[in-house]
Structure formats: structure tokens, C-alpha cells
Amino acid sequence: MILALAGGVGGAKLAAGLESALDRPQDLLTVVNTGDDFEHLGLSICPDLDTVMYTLSGRANPETGWGHAGESWNFLEALGALGGEDWFRLGDRDLATHVERTRRLRAGETLSRVTADLAARLGVPSRIAPMSDDPVRTVVETPDGDLPFQEYFVRRRCEPAVRGLRFEGAPAARMSAAFEAALADPGLDGVVVCPSNPYLSIDPILAVPGVRAALAGCAAPVVAVSPIVGGRAIKGPAAKIMEELGVEVSAAAVAARYRGLLDGFVLDETDRPLAAAIGSEGAAGARAPLRVTVEQTIMRTGEDRTRLAAQVLGFARLLHDR
Ligand code: FO1
């Protein structure tokens, strides 16, 4: 069994690769960040869960990576004409997901259950779970004040400088049942930290009480793929945020951020010269030594995803048998 930790687009792509690289897709559980979730227009919106669900069901919008493919925008246009809030782009097909999820959550179902059922209905062959069924909300601390995540990310286009981040609700949140069970499963073969934004996507997952300790203590190898390649983020604001927080923008800084949690780190070919230093730096960590491997990590095509996933699984297997 493989447990993948993922946020938005980069994480979803590797999860899709893992699903196709595994003999049995049901052996994959993707645990997804819910810090980006929010209530909008009275609806429960879970952007990263939906990005993973649409990607794994072949429905992701190929241009944006988020939202539904083949989307129409009648609802949003009509809303705009009425003077409603149209800054967060909800397409007509996507809207059905939010309406149905909101109805079921209001009827008392957990986010885990609704997610599993919607994913199954869309034909996702692997398992998807939220990191928690309890609300966790990412708040971005900026010179303009504290901004709820989507205000920062979409409405303000990530323009305000990030001074800090906090994950409201995280201290009281419990891991989702599937997440907790996977971390304790003796059949767990590996944990893959996907190339998602470490600050916005992976940190909220690590902020759920018990997750860090379970990762540091689990018998299976924990492997991360760097989302920073050649000193730049593959997608999104990770590099900008690292600069604003005074952190060097490099794959080495990502490895340092996960120190004590990893057995293996996957670097892009571009960053081969960093491999030795990352390996020796990690030798001091709790799960020492940190092994480093170099691959082509940029996923442009479906074949890229499957190839990278197969290499990551092979790397994890190697560390498992050590
Ligand atoms: N991202 C945007 O940049 N602009 C949008 O209007 C937008 C709408 C949207 C609607 C549904 C959904 O599931 C995701 C959406 N996203 C949008 C992405 C979202 O903000 C994610 O939180 C980020 O991609 C970070 O993972």
C-alpha cells in the first residue's frame, strides 16, 4: 500500500502517475490538503480535493489544472450580471460537485465519506481522503493584514508579501480515519510527499496533530519529490513565498524543511549538483541517512507522470528493503 500526501495540481499529477504505475490502483491512498477549503456563496468548496478527484478521473481542466474539463460558465456570468461575487471562478459542471457535497455535509455526512463516494461515482479507481474531517483553514499573514487563503491566492493573485502562515483549527483537528489507519498499517510500503507547495499544501497536512510523529515513526520509507527545480517553482507561488520568508529558493531548502521526516528525496536532473550536499545534510536527521536520487521530475504528459511515479516507487522499494 502507498500513501501519497498532496495539495493541488503538482500533487494530483504525481498521484495520477502512482495510480497508473501500481499493479492495483486501490493500493493507493491520496491524502489531500484541506487548508484551502472555504465557504463561498453558501457552498463548501474543497479545491485541492477536487483537483485530485478530477485529475484521477480524467476530468481535470488541462489549461488550469484545477476545475473541470469542458467547462461552461453560464452560472458565473449570470451571477456577475446580478452583481454577485464572481472573482472565484466556479464553472457549471464544477458547481454540481459543490452543491452535492454541501448538501451531504449539511445532512451530517463526513467530508471523508462524501469525498470517497463522489470519487467512486466519477470512476476514480484509487482512494482519496481529506487530511481531516475537521475544518482547518489556512490564513496568510501579509502587510495588508491576515487574508483567508482564497482571498490571498485567487482574489489578490498571490500579490501581497507573505510574512507568515497559520492553519486555523489545526491544533484541534484529528486525522481522517483513512489517513490514521494508513500510517499505522503494517502493510504500508511507502509514503510519497508529492511535489506540492511545502508551505501551502504540505505544511497544513503536517500541522494536523500526530502526523509528524506518525511519519517520523512509521516503518515504511518516506520519500519526497521536490517541487522546486533549478531554483524555481514548477507551478504556483512557492518560490515567491520562500523569498518573502527569507528562505533560499532551492530544492535543498525543501529537503531541509522536511528534515527528520524523510528517508529519500527526489531531485530533478537540473539540480544534480545539489545531491551530495542534501544527502550529507540529511544525515543528521531523525530518519538518517537521507538518500537522494535524481530523475526527470517535470510532468508534462501522462507518460511523464507514470514514469516518474514508477521511479519514485522503485526508490521507495529500495529504501524499504535496505
Ligand atoms: N484558482 C484560481 O487561480 N482562480 C480561480 O478562479 C479558481 C477557481 C477554482 C474553482 C474551483 C476549484 O476547485 C479550484 C479553483 N481554483 C482557482 C484553484 C484553487 O484556488 C486552489 O486552491 C489553488 O489551485 C491552490 O491549490
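Note the direction-averaged projected area, equal to a quarter of the hull surface, for the Cα convex hull of the chain, in nm². Intermediate results must be reported in sequence, preceding the final value.
Numbers: hull surface 62.6 nm².
Hull-based average projected area comes out at 15.7 nm².
Hey, what do the phi angles of segment 55-65 turn into as Karplus ³J(HN,Hα) couplings, whole Hz, using 6.51/-1.76/1.60 and θ = phi - 60°, x for Gly and Pro?
Result, rounded to whole Hz: 5, 6, 9, x, 10, 5, 5, x, 6, 8, x.
Expressed as a whole number of Å, what is the distance separating the alpha-carbon centroids of segment 112-157 and segment 164-239?
What the calculation gives is 14 Å, centre to centre.
Taking the beta-carbon count within 10 Å as an exposure proxy, list E159, E71 from fewest neighbours to most.
Lowest to highest Cβ neighbour count: E159, E71.
Is the C-alpha gyration tensor of segment 132-256 telling us rounded, prolate or oblate? Criteria: a/c under 1.5 is rounded; beyond that, a/b larger than b/c is prolate, otherwise oblate.
oblate
So how do 161-167, 103-109 stack up, highest first, on mean other-Cβ count within 10 Å? Spell out each step's value before the answer.
On the way: 161-167: 16.6, 103-109: 12.4.
Order by mean packing, descending: 161-167, 103-109.
Which residue, V191, V294, V154, tops the fluctuation ranking in a GNM of the chain built on C-alpha contacts under 10 Å?
V154
At q = 0.13, 0.16, 0.18, 0.26 Å⁻¹, what is the base-10 log of I(q)/I(0) for segment 119-180 according to the Debye formula with one equal point scatterer per Cα and no solvent? Please give it to two decimals.
Calculated log10 I(q)/I(0) at the listed q: -0.51, -0.68, -0.76, -0.96.
Ordered by residue, what ³J(HN,Hα) values in Hz, to whole numbers, does segment 123-134 give under the Karplus form 6.51 cos²θ - 1.76 cosθ + 1.60, where θ = phi - 60° and Gly and Pro are x?
3J(HN,Hα) across segment 123-134, in whole Hz: x, 6, x, 9, 9, 10, 9, x, 5, 8, 8, 8.
With springs only between Cα atoms under 10 Å, which of P135, P195, P62 fluctuates most in a Gaussian network model of the chain?
Top of the fluctuation ranking is P62.
Give me H40, H68 ranked fewest to most by other Cβ atoms within 10 Å of their Cβ, as a rough exposure proxy.
H40, H68
Would you order C158, C218, C46, C194 from fewest to most other beta-carbon atoms within 10 Å of each residue's own beta-carbon?
If I rank by nearby Cβ atoms, fewest first, I get C158, C218, C46, C194.
Hey, what's the Cα Rg ratio for segment 221-322 versus the globular rule of thumb, 2.2 N^0.38 Å? Kindly include the intermediate steps, with their values, before the conclusion.
Numbers: Rg = 13.3 Å, N = 102, 2.2 N^0.38 = 12.8 Å.
Compared with the compact-globule rule of thumb, segment 221-322 sits at 1.04.
If you take every DSSP beta bridge fully contained in the chain, what fraction is antiparallel? Give it as a percent rounded to 5. Could you put the intermediate results ahead of the total?
Values: 16 of 40 bridges.
Approximately 40 percent, going by the DSSP bridge assignments.
Gaussian network model of the chain, Cα springs within a sub-10 Å range: biggest mean-square fluctuation belongs to which of G70, G169, G230?
G70
Tell me what the chain gives for mean residue ellipticity at 222 nm when only DSSP H runs of n ≥ 4 count, each as -39,500 (n - 2.57), the sum divided by the residue total, rounded to 500 deg cm²/dmol.
After summing the helix terms and dividing by the residues of the chain, the value is -10500 deg cm²/dmol.
Since every read-out is calculated from the coordinates, none of them should be taken as a lab result. Computed from a prediction, not measured in an experiment: that's the story for all the values here. Ideal geometry is used to build each Cβ from the backbone, glycine not excepted, and the neighbour counts take in all protein chains shown.
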